[in-house]
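First comes the structure, then the notes that go with it.
Readers should treat all values here as calculations from the given coordinates under stated rules, not as data from a laboratory. Nothing here was measured: the structure is a model prediction, and the numbers come from that model. Every residue, glycine among them, receives a Cβ derived from its backbone with ideal geometry; neighbour counts consider all protein chains shown.
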Amino acid sequence: MARRVGVLALQGAFREHMAALTRLGVTACEVRQLKDMDGIDAMIIPGGESTTIGKLLNEGGILAPLRARIETGMPVYGSCAGLILLCREIEHSDQPRIGALNATVRRNAFGRQVDSFETDLDMPVLGPTPIPAVFIRAPVITRVGDDVTILAKVNGLAVAVRQGNILATSFHPELTPDTRIHEFFLTFPA
Ligand code: GLN
């Protein structure tokens with residue numbers, strides 16, 4: 001179980017992840033520079049604007065060391081833009097990314113008409129009660145590798161996946177009082 005969780009705090013909804021971790025009694029640290037990753041044993045990449053976060057990760061020299069930590073087993077959870085940054089392939093984009101998750105993502109996949117919505121999502125790994133899921137200009141995963149498990153779908157498309165130490169959701173659990181996704185993530189061996 002992770003003891004000190006870093007939350008990437010360059011842009012986006014990082015405060016809400018900090019609050020969710022604090023509610024669970026976990027030590028949460030904002031990561032803004034490479035040295036902030038010292039001593040953390042898991043990391044959350046929040047929602048926001050994936051092109052901005054990717055650019056700041058790159059310019060701050062955090063992108064490659066973060067990728068290396070993930071590839072050597074550090075648990076990481078990405079929500080929304082965080083999911084996009086974790087994916088190896090991003091449809092029609094060469095934006096900077098971490099790329100550790102063997103999957104292809106389509107950004108803004110729900111289109112303008114349903115730009116944002118909330119739904120109760122079946123996610124059996126969390127138990128029989130559906131999870132409230134907030135989608136904001138959300139991506140979907142359009143391809144997964146053999147090593148990736150799909151944990152939840154909307155309209156037949158993957159919106160929550162796991163690949164070993166990597167967890168990713170298209171939606172924002174940190175914007176709801178339900179902490180089961182964070183609790184599930186915290187069970188990943190650090
Ligand atoms: N559409 C945003 C992107 O492509 C993600 C939206 C979000 O994180 N809520 O980066």
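Of the residues in the stretch 131-156, how many are within 16 Å of the ligand (Cβ to nearest atom), within 15 Å of the chain's Cα centre (by Cα) and assigned to a strand (DSSP E or B)?
6
Here are some conditions: (1) more than 26 Å from E49 (Cβ to Cβ); (2) surrounded by 22 or more Cβ atoms within 10 Å (Cβ to Cβ); (3) of a type in the set (D, E, K, R). E174 meets all but one. Which one does it not meet?
Only one criterion is unmet by E174, namely (1).
Which pairs turn up if I take residues in the stretch 53-71 that are touching a residue at least 24 places away in the same chain (Cβ under 8 Å) and look for partners that are among the polar types (S, T, N, Q) with beta carbon separation below 6 Å, at least 6 apart in sequence or on another chain?
Within 6 Å, the pairs are I53/Q11; G54/Q95.
So, in the stretch 84-130, how many residues would count as being under 18 Å from A13 (Cβ atoms), surrounded by fewer than 20 Cβ atoms within 10 Å (Cβ to Cβ), of a type outside the set (D, E) and more than 10 Å from the ligand (Cβ to nearest atom)?
1
Within the stretch 54-74, is even one residue more than 11 Å from the ligand (Cβ to nearest atom), buried (at least 20 other Cβ atoms within 10 Å of the Cβ), of a type outside the set (F, W, Y) and within 19 Å of A138 (Cα to Cα)?
No, the stretch 54-74 has no match at all.
Would you tally the residues in the stretch 1-12 being buried (at least 20 other Cβ atoms within 10 Å of the Cβ) and within 20 Å of F135 (Cβ to Cβ)?
Total meeting the criteria: 1.
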